[in-house]
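See below for the structure under consideration.
What follows draws every value from the coordinates through simple rules; no lab data is involved. Keep in mind that what you see is a predicted model, and the values were worked out from it rather than measured. Ideal geometry is used to build each Cβ from the backbone, glycine not excepted, and the neighbour counts take in all protein chains shown.
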Amino acid sequence: MLSVHTSPLGDLGRGENGGMNLVVRRQCAELAARGVPSDVFTRRDDPGAPAEELIAPGSRLIRIPAGPARPLPKHEVLAWLPHFTAGVVAHAASEGREYRLVHSHYWLSGWVARGAVQRWRVPWVHSFHTLARVKAAAGLPAEPQRAEAEVVLARAADRLVAMSLAEQADLVGLYQVSPERICVVPPGVDLERHSPRPVGAVRRRMHLDGRRVVLYVGRLEPLKGAEMLIDAAALLAEDPTFSDVVTLVAGDDSGDGSRQAEPFPGERARLMALAARRGIAHRVRFLGAVPHAELAALYALADVCVVPSLTESFGLVALEAQASGTPVVATAVGGLRDIVADGLTGHLIGGRHPAAFARRIGELLADRDRRARMGEAARTRAALYSWERSADRLLSLYDCVESPEPAAPLESCACL
Ligand code: UDP
């Protein structure tokens with residue numbers, strides 16, 4: 001596995017660490033439990049971190065020195081990719097190790113995979129996680145160099161993994177990939193970790209007694225659209241029946257968040273300033289990155305979880321909230337359209353209109369029975385997803401690309 005720019009063991013919700021890290025971590029653990037060991041290569045970004053660490057028994061994280069041993073913005077990681085590739089190849093040679101398959105995550109790792117498989121002559125599966133052309137289509141800054149590289153990688157890899165039907169459609173529509181080369185492997189959710197639970201003690205500790213709570217969880221960067229949440233909260237605040245409502249924001253500036261928000265110090269500061277301008281600074285609490293294990297209580301205590309992303313190839317936060325029995329109000333984009341059943345487990349909002357978000361959030365906050373009904377349906381829907389199933393599909397895909405050449409057509413592969 002190649003995960004160059006971010007480590008699957010990194011703290012989620014900060015810097016570049018988000019859904020992709022959790023996906024790599026959980027899929028490797030599940031594969032190892034099925035007797036499929038893996039080495040995950042990442043760039044060393046901390047001089048104190050060990051050169052190797054276990055992700056799970058049978059899955060090893062290997063930190064390859066390439067460039068300064070500190071976090072780098074993604075555009076700076078690019079210059080170190082040849083160095084990284086050489087490091088990966090040398091590491092394998094030093095152990096006399098032969099890999100049976102390479103799975104790369106995000107376009108930067110795809111670049112490395114391309115070099116490695118030319119040398120090793122093994123099958124190659126690639127997951128993009130996000131796509132430059134999809135982001136540009138959503139109005140975010142164009143990244144022409146990345147988009148060009150993605151076109152090359154999409155053609156060169158043996159198979160592509162999409163996390164949702166929407167991502168598959170984007171690969172077909174915007175990158176001209178033929179659908180037979182794409183396997184949809186949705187991530188999962190841990191239904192034991194994320195489950196409805198008593199929340200009285202946490203509420204008291206957080207001084208939330210008697211207050212209704214709207215929750216946002218995610219890295220802070222323009223792509224995540226948290227601005228919409230602040231605007232919607234400000235509209236709700238105009239109605240005195242919502243004077244008790246508190247909005248919690250869990251997550252911190254993502255690398256891209258800091259860069260794209262220039263000349264501001266970061267997306268978080270930009271959002272705080274917006275809340276102040278809208279006169280609701282006292283109703284919005286910025287919690288910073290919350291350790292993944294502690295998030296479970298926040299999801300469970302929230303009355304509504306809002307996912308206002310401009311694009312989302314999957315949207316783990318929506319799934320985790322639903323698993324916790326919390327209805328979700330989300331933008332009708334990407335994987336969120338697979339996860340949220342509109343009108344049943346929450347609401348999908350087309351277009352970017354704060355008033356539409358405010359209306360749906362307000363309806364849910366105002367109606368306890370409806371919240372409970374939707375929360376129950378949300379939990380049931382979340383149970384359709386599991387990390388076990390995710391790993392099973394991945395394994396079927398690996399089997400299918402590993403079979404003697406030419407790779408078996410996807411129609412005959414159990415992943416479909
Ligand atoms: N997350 C977390 N702590 C935070 C913020 C986010 O553990 O403070 C986790 C969250 O639970 C989810 C992941 O980070 O598992 C974000 O995944 P998602 O697919 O929603 O977004 P991405 O980061 O992939 O854009």
If you line up the long axis of helix 387-402 against the longest principal axis of the chain, both from Cα atoms, how many degrees apart are they, to the nearest 10?
-> 30 degrees
Cα gyration tensor of segment 175-251, axes a ≥ b ≥ c as square roots of the eigenvalues: rounded (a/c below 1.5), prolate (a/b > b/c) or oblate?
-> oblate
One finds, for residue 155 and residue 195 with R0 = 35 angstrom and r their Cβ-Cβ distance, a FRET efficiency to the nearest 0.05 of 0.25
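How far, in nm, would the chain grow between residue 294 and residue 46 when pulled straight, counting 0.36 nm per residue and subtracting the alpha carbon separation? Intermediate results must be reported in sequence, preceding the final value.
On the way: separation 248, 0.36 × 248 = 89.28 nm, distance 2.44 nm.
Using 0.36 nm per residue and subtracting the Cα-Cα distance, I get 86.8 nm.
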FRET efficiency for residue 281 and residue 372 from the Cβ-Cβ distance with R0 = 45 Å, rounded to 0.05, comes out at 0.90
Computed about the Cα centre, the charge dipole of the chain from +1 Lys/Arg and -1 Asp/Glu charges at the Cβ has a magnitude in debye, to the nearest 20, of 640 debye
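Starting from the Cα-Cα distance between residue 380 and residue 269, subtract it from 0.36 nm times their residue separation and give me the gain in nm to one decimal. Before the final figure, lay out each step's value.
Details: separation 111, 0.36 × 111 = 39.96 nm, distance 3.70 nm.
Separation in residues times 0.36 nm, less the Cα-Cα distance, equals 36.3 nm.
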Taking the alpha-carbon centre of each part, the distance from segment 285-319 to segment 351-390 in Å is 12 Å
By how many degrees, 0 to 90 and rounded to 10, does the Cα axis of helix 81-94 deviate from the longest principal axis of the chain?
-> 60 degrees
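Could you give the size of the charge dipole of segment 135-177 about its Cα centre, using +1 on the Cβ of each K and R and -1 on the Cβ of each D and E, expressed in debye and rounded to the nearest 20?
Details: 4 positive and 6 negative charges, 3 e Å.
My answer is approximately 20 debye.
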Nearest 10 degrees, 0 to 90: what angle lies between the long axis of helix 19-33 and the longest principal axis of the chain (Cα atoms)?
-> 60 degrees
Taking alpha-carbon centroids only, segment 60-93 lies from segment 163-235 a number of Å equal to 30 Å
In a Gaussian network model of the chain with springs linking alpha carbons closer than 10 Å, the residue among 28, 183, 400 that fluctuates most is 400
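Which GluC sites (Glu not before Pro) from segment 204-299 combine a DSSP loop assignment with at most 14 other Cβ atoms within 10 Å? The partial results should precede the final answer.
On the way: sites: 227, 238, 267, 294; in loops: 238.
In loop regions of segment 204-299 (DSSP not H, G, I, E or B), the sparsely surrounded GluC sites (Glu not before Pro) are 238.
Quick check on the chain: helices-only [θ] at 222 nm, where DSSP H runs of length 4 and up contribute -39,500 (n - 2.57) each and the sum goes over total residues. Nearest 500, please. Don't jump to the answer; show the numbers that get you there.
On the way: 17 runs with 179 residues, N = 416.
My calculation for the chain gives -13000 deg cm²/dmol from helical runs alone.
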Environment charge of residue 148, counting only residues whose C-beta is closer than 14 Å and scoring Lys/Arg +1, Asp/Glu -1 | +2
Distance in nm between pseudo-label sites at residue 169 and residue 388 (7 Å out along the Cβ direction from Cα) = 3.1 nm
